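The values are calculated or read from the model by the stated rules, or taken from the named source; none is laboratory data. Source: prediction; values computed, not measured. We place every Cβ from the backbone using ideal geometry, glycine too, and count neighbours over all the protein chains shown.
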Amino acid sequence: MTDAHVHLERGPYTAAWAEEFVTAAKNAGITELCLLDHSYLFREFAPLYDDLRHSSDFIDRWLSRKAGKHTLDEYFRLIEDLRPRDYGITLRFGLEICFLPEQTDAIARLIERMPLDFTVGSVHFIDNFAFDHTPDLWQGVDTDRAYRRFFEHSIALAECGLFDGIAHPDSVKLFGHRPSFPLEESYDTLAAALASAGMYAEQNSGISRRTSAEAGMDPALYAAMKRHGVPIRTASDAHTPADVGAGIRYFYENHLI
Ligand SMILES: [Zn+2]
Ligand SMILES: [Zn+2]
């Protein structure tokens, strides 16, 4: 079983902290563990968020608390330290990069020559709307428009050629908002774009631990991915060792992979 998306961010970049995740993965029956962190944690990525910060006080305050805590070199040193060690598990290292449509050239420049095994792109912002933070932020938001823009961003993410995969591909649903129109066409276009880019899509259980949303993709989105031959990778989106592997057995047992 694979856990393709596990964050180290709540601890120091040390082998001892990473080993807590490795041990938890082995206990959960995971045979491939992919460690990553958010792009906004790294100082080098900070300027990419400037326009977003200027367009939203909420995002500006949130990034003031979270952003730029590490340098990429600190992360790469940890990777270098861990790579030669044999833990009896496949260990891969990557980054979860916020897809910011205006910043694709800057992202491309930053990620070339990085000693990473993979990059996964995420839509965390619908323009300047931090849709996945709290339900209050949805007050007064046009749900149909939010969905349309979310899938436009997701399709652009697939087409930009920068990422190996897409994280939590329908996380816009997390607080239970639904559009008035059917989503099949958006699902199909997204799946086709991922397939032609050779990208994978995550079955990510993360939002189901935060809200009452189902674990992983909407069944119709999953069906579209399968129809187009998009590889699926299971992911917990764990931020603590205790959550490593969470929900992954469910995906395997229910043939959702
Ligand atoms: Zn994410
Ligand atoms: Zn994540």
Can you list the strands (runs of 3 or more DSSP E) lying wholly within the stretch 1-107 that have 1 or more residues being among the hydroxyl-bearing types (Ser, Thr, Tyr) and closer than 30 Å to LEU256 by Cα? 2-7, 90-98
Working only within the stretch 191-204, note down all residues that are assigned to a helix (DSSP H, G or I) and within 16 Å of ligand 1 (Cβ to nearest atom). none
Given (1) touching a residue at least 12 places away in the same chain (Cβ under 8 Å); (2) in contact with a strand residue (DSSP E or B) (Cβ under 9 Å, 6 or more places away or on another chain); (3) not in a loop (DSSP other than H, G, I, E, B), index of the condition LYS226 fails: (1)
Out of all the residues in the stretch 1-49, which are of a type in the set (Lys, Arg) and closer than 25 Å to PRO101 by Cβ? ARG43
Given the options TYR222, TYR200, name the one that is under 14 Å from HIS5 (Cβ atoms) and among the hydroxyl-bearing types (Ser, Thr, Tyr). TYR200
Name the residues in the stretch 205-223 that are part of a loop (DSSP other than H, G, I, E, B) and closer than 17 Å to LEU157 by Cβ, would you? MET217
From the option list ILE232, ILE207, ILE248, ILE257, single residue qualifying as away from ligand 1 (no atom under 16 Å from the Cβ), at pLDDT below 95 and surrounded by 15 or more Cβ atoms within 10 Å (Cβ to Cβ) is ILE257
Which is within 16 Å of ligand 2 (Cβ to nearest atom), surrounded by fewer than 21 Cβ atoms within 10 Å (Cβ to Cβ) and of a type outside the set (Lys, Arg), of PHE93, PHE125, PHE131, PHE118? PHE118
For ALA15, indicate whether it is touching a helix residue (DSSP H, G or I) at 6+ places or on another chain (Cβ under 8 Å) and more than 16 Å from ligand 2 (Cβ to nearest atom). yes
Among ARG65, ARG10, which is the only one that is modelled with pLDDT of 95 or more and either away from ligand 1 (no atom under 16 Å from the Cβ) or hydrophobic (A, V, I, L, M, F, W, C) (or both)? ARG65
Give the number of residues within the stretch 111-141 that are under 16 Å from CYS98 (Cβ atoms), more than 16 Å from ligand 1 (Cβ to nearest atom) and among the aromatic types (Phe, Trp, Tyr). 0
Among ALA16, ALA24, which is touching a residue at least 40 places away in the same chain (Cβ under 8 Å) and either surrounded by 20 or more Cβ atoms within 10 Å (Cβ to Cβ) or of a type outside the set (D, E, K, R) (or both)? ALA24
